[in-house]
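Encoded as structure tokens, the structure appears first; notes follow it.
The values are calculated or read from the model by the stated rules, or taken from the named source; none is laboratory data. Just so you know, these numbers come straight off a predicted model, no measurement behind them. Cβ sites come from the backbone with ideal geometry, for glycine too, and all protein chains shown count toward neighbours.
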Amino acid sequence: MWHFNEIVQADYRGDYRFYIAYDDGIAGQVDLNYYLEKGRVFEPLKDKAFFAQAKVECGTLIWPNEADIAPETLYEKVVAQMQKVAEPVFGYKV
């Protein structure tokens with residue numbers, strides 16, 4: 001569940017990925033290529049040079065054409081990625 005956290009850092013990591021950090025310390029890399037097919041406002045983001053121009057504004061990630069993704073949606077993606085990375089490796093013997 002999202003607790004009104006704001007993005008404080010967003011670093012472009014190539015392709016359609018950003019490393020995103022929130023004000024509560026939650027941070028991780030997310031792949032946002034899913035949004036490229038989500039309507040006309042996201043069409044310019046297919047150009048990776050344009051995609052890389054996103055910046056943090058008003059607590060979320062926003063592009064020069066004013067396309068943005070809700071911070072709570074990105075938060076859920078960061079948390080999901082963190083959980084995926086933190087899953088235990090079954091069968092590993094110490």
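For segment 61-94, the candidate set comprises residues that are at pLDDT 90 or above and among the hydroxyl-bearing types (Ser, Thr, Tyr); within that set, the residue that is surrounded by the fewest Cβ atoms within 10 Å (Cβ to Cβ) is 73.
Does segment 1-20 hold any residues that are in a strand (DSSP E or B) and under 12 Å from residue 71 (Cβ atoms), and which are they?
7, 8, 10, 20
Take the residues in segment 29-42 that are touching a residue at least 24 places away in the same chain (Cβ under 8 Å) and either out of contact with any Lys or Arg (no Cβ under 8 Å at 6 or more places or on another chain) or farther than 23 Å from residue 82 by Cβ (or both); name whichever of them is surrounded by the fewest Cβ atoms within 10 Å (Cβ to Cβ). Only one residue tops the list, namely 41. All conditions but one from (1) more than 20 Å from residue 81 (Cβ to Cβ); (2) of a type in the set (Phe, Trp, Tyr); (3) touching an Asp or Glu at 6+ places or on another chain (Cβ under 9 Å) apply to residue 18; the one that does not is (1). Pairs meeting the criteria (first residue in segment 43-63 and under 18 Å from residue 28 (Cβ atoms) and of a type outside the set (Asp, Glu), second residue modelled with pLDDT of 95 or more and exposed (fewer than 14 other Cβ atoms within 10 Å of the Cβ), beta carbons under 8 Å, at least 6 apart or on different chains) are 56/9; 61/55. Would you call residue 19 hydroxyl-bearing (Ser, Thr, Tyr) and at pLDDT below 95? No, not satisfied. Restricted to segment 43-60, and to residues there that are assigned to a helix (DSSP H, G or I) and in contact with a helix residue (DSSP H, G or I) (Cβ under 9 Å, 6 or more places away or on another chain), the residue that is surrounded by the fewest Cβ atoms within 10 Å (Cβ to Cβ) is 46. The set of residues from segment 1-28 being under 15 Å from residue 79 (Cβ atoms), without any contact (Cβ under 8 Å) to a residue 40 or more places away in the chain and surrounded by 12 or more Cβ atoms within 10 Å (Cβ to Cβ) comprises 19, 21, 23, 24.
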